[in-house]
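Contents: one structure, followed by commentary.
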Amino acid sequence: MNDQLRAGSAAGAELLLRRWAESDLPAVRDAFNAPGMYRQFGSTVESGEVDDAAAGRWIGRAEQRWADESAFSWAVTEGPSLLGCVSVSQVNHVHDSGWVAYWTVPAAQGRGVATAAVRALSAWCFDELQLFRLELGHRMDNPASCRVALAAGYRAEGRQRAKLRYGAVRHDVETHARLATDPAPG
């Protein structure tokens with residue numbers, strides 16, 4: 001199974017998707033400590049800051065899930081720089097489906113990085129994993145994520161009320177899906 005994918009270009013840069021490495025620890029720590037990103041990290045850290053140990057555990061979980069073939073998480077890079085992450089989880093070979101997620105560091109936002117990464121991941125999921133349906137969701141108050149989903153060929157399918165909870169605040173989520181039979185975007 002490939003552990004590197006070319007994602008094409010975004011804003012003139014050649015992007016590479018690759019498996020996570022221990023050397024990514026400082027970049028992962030910094031990415032999750034960027035404004036607005038901490039809540040994406042999950043509930044494994046209570047202090048409000050992701051330290052080296054927590055970032056290392058996150059990378060370790062990503063690698064373990066890859067080994068289990070339950071999820072595949074890719075570092076999105078431009079040369080030596082980490083720009084973000086794209087992943088497919090909840091891989092279900094009975095129904096040939098998976099759940100797509102993505103994030104980018106602040107310096108990569110608005111450059112088309114997430115869209116290029118989601119397109120490359122989607123093609124890999126359809127070709128390599130033989131999945132038929134890919135789903136994703138975004139908070140209704142995150143229009144940038146919606147633009148990524150639509151530009152990557154994911155059609156909006158509906159709203160899930162109060163699906164996510166960050167602290168005491170619940171958020172509605174819009175779900176999107178792309179089928180292997182849908183036309184490739186762009």
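We did not get these values from a lab; they are worked out from the coordinates using the rules stated. This is a predicted model, so every value here is computed, not measured. Cβ sites come from the backbone with ideal geometry, for glycine too, and all protein chains shown count toward neighbours.
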Between Leu150 and Ala162, what length comes free when the chain is fully extended (0.36 nm per residue of separation minus the Cα-Cα distance, one decimal in nm)? 2.1 nm
Environment charge of Ala7, counting only residues whose C-beta is closer than 15 Å and scoring Lys/Arg +1, Asp/Glu -1: 0
How long is the gain from Ala67 to Asp52 if the chain were fully straight, where each residue apart is worth 0.36 nm and the alpha carbon distance is subtracted? 3.2 nm
Using a 10 angstrom cutoff on alpha carbons, build the Gaussian network for the chain and name the most mobile of Val28, Val100, Val169. Val169
In a Gaussian network model over the chain where Cα atoms closer than 10 Å are linked, find which of Asn92, Asn142, Asn33 has the largest mean-square fluctuation. Asn142
Could you work out the percent of alpha carbon pairs in the stretch 28-158 separated by over 25 Å, rounded to a whole number? 25
Does the stretch 93-186 come out rounded, prolate or oblate, given a ≥ b ≥ c as the square roots of the eigenvalues of its C-alpha gyration tensor, rounded meaning a/c under 1.5 and, failing that, prolate meaning a/b above b/c? oblate
Quick check: residue separation of Asp182 and His95 times 0.36 nm, minus the Cα distance between them. What number comes out in nm? 29.6 nm
